[in-house]
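Input: a single structure, listed below in structure tokens.
Throughout, read-outs are computed from the coordinates displayed, never taken from laboratory work. Quick caveat: nothing in here was measured; it's all calculated off a predicted structure. FYI the Cβ positions are ideal-geometry reconstructions off the backbone, even for glycines, and counts take in every protein chain you see.
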């Protein structure tokens with residue numbers, strides 16, 4: 001058995017073995033497997049053919065020791081984002097993968113669990129992090145102390161400046177509220193999310209403030225961003241208002257969908273003739289013919305593109321100052337609400 005065959009069977013061929021097999025320098029092999037590096041097409045073909053013959057794969061850990069980069073990015077996201085979560089995660093993962101960066105996913109049951117997750121993040125020596133959860137000043141300082149750049153997704157820094165990408169929830173909620181008021185609605189209910197959700201609280205406060213400015217008040221109950229919350233919270237609101245509720249603002253689409261089913265099935269209410277229901281996010285099921293939720297669609301692709309771009313800039317140039325990029329949402333006038 002030849003040496004090359006022996007290495008192929010063991011699957012432990014080195015870049016030196018590939019270089020010798022292809023008749024090129026070891027540096028040429030390194031460039032061939034380095035994203036963006038220049039290698040002549042004919043040389044690349046020879047190297048790749050030799051790599052296949054020897055069952056050679058570059059050692060990412062070894063490369064990281066040389067470059068002092070792990071080529072790994074942490075994504076910290078709350079699973080309470082629910083239907084919105086897979087779309088955001090898929091977009092972030094795809095954009096990072098194109099740049100040769102792998103994702104480590106850390107999922108939170110609640111945003112208050114961030115400290116426990118950060119203890120795990122530090123062990124992997126990630127190059128950076130995209131965080132869709134609330135970080136307090138101490139947690140932001142921990143990233144800075146370790147030299148790990150962070151970009152907040154749909155959050156802003158609290159107490160300390162931080163790079164962030166956000167959807168303009170305030171303007172979106174104002175548009176929904178104004179449309180409902182102009183259509184003549186008078187008795188409003190709001191289904192909020194968990195108290196530790198930064199985005200949910202921002203949406204509720206924006207809606208409540210605009211309602212007050214327009215001479216309206218709202219009864220607020222708290223859900224958990226899920227379908228069941230829409231049902232349970234609407235039942236509670238109907239009890240509080242004596243079934244006189246005529247407009248419902250939900251902090252996300254999934255609770256709006258749950259409320260629509262509850263209104264139609266349990267109370268035999270015509271949506272939107274008797275009760276208007278609006279959501280936020282613009283997730284796929286909100287467009288289904290059975291619901292056609294009036295909502296605000298977040299520009300996920302533009303936001304994830306900005307988040308990845310900002311993070312890579314900060315990995316490569318650590319001195320870049322924090323900045324906030326704000327994106328307008330799109331009002332989708334569906335069939336679940338009457339807007340003026």
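A few remarks follow.
- GNM top mover of 196, 136, 17 - the chain, alpha-carbon springs below 10 Å: 17
- Relative to one another, the C-alpha centroids of the range 90-141 and the range 241-293 are positioned 33 Å apart.
- Cα gyration tensor, the range 138-230 - rounded (a/c under 1.5), prolate or oblate: prolate
- Candidates 130, 75, 265, ranked by Gaussian network fluctuation over the chain, Cα under 10 Å, top entry: 265
- Calculated [θ] (222 nm, deg cm²/dmol) that DSSP helices of n ≥ 4 give over the chain, each run adding -39,500 (n - 2.57): -14000 deg cm²/dmol
- The angle separating the long axis of helix 198-213 from the principal Cα axis of greatest extent in the chain is about 30 degrees.
- Between 0 and 90°, nearest 10: helix 41-54 axis offset from the chain longest Cα axis: 90 degrees
- Residue among 317, 298, 26 with the largest mean-square fluctuation in a Gaussian network model of the chain, springs linking Cα atoms under 10 Å: 26
- Global geometry of the range 201-246, whether rounded, prolate or oblate, following the gyration tensor of its Cα atoms and the 1.5 cut on a/c: oblate
- For the chain, the longest principal axis of the Cα atoms and the long axis of helix 84-98 meet at an angle of about 20 degrees.
- The chain - percent relative contact order, Cα under 8 Å, separation 6 or more: 16 percent
- From the coordinates shown, Cα Rg over 2.2 N^0.38 Å corresponds to which of [x] 0.94; [y] 1.27; [z] 0.99: [y]
- Ordering of 93-100, 147-154, 288-295 by burial proxy (mean other Cβ atoms within 10 Å per residue, highest first): 147-154, 288-295, 93-100
- Overall form of the range 169-297: rounded. Here a/c, set by the Cα gyration tensor axes a ≥ b ≥ c, is under 1.5.
- Spatial separation of Cα centroids for the range 299-322 and the range 143-222, in angstrom: 23 Å
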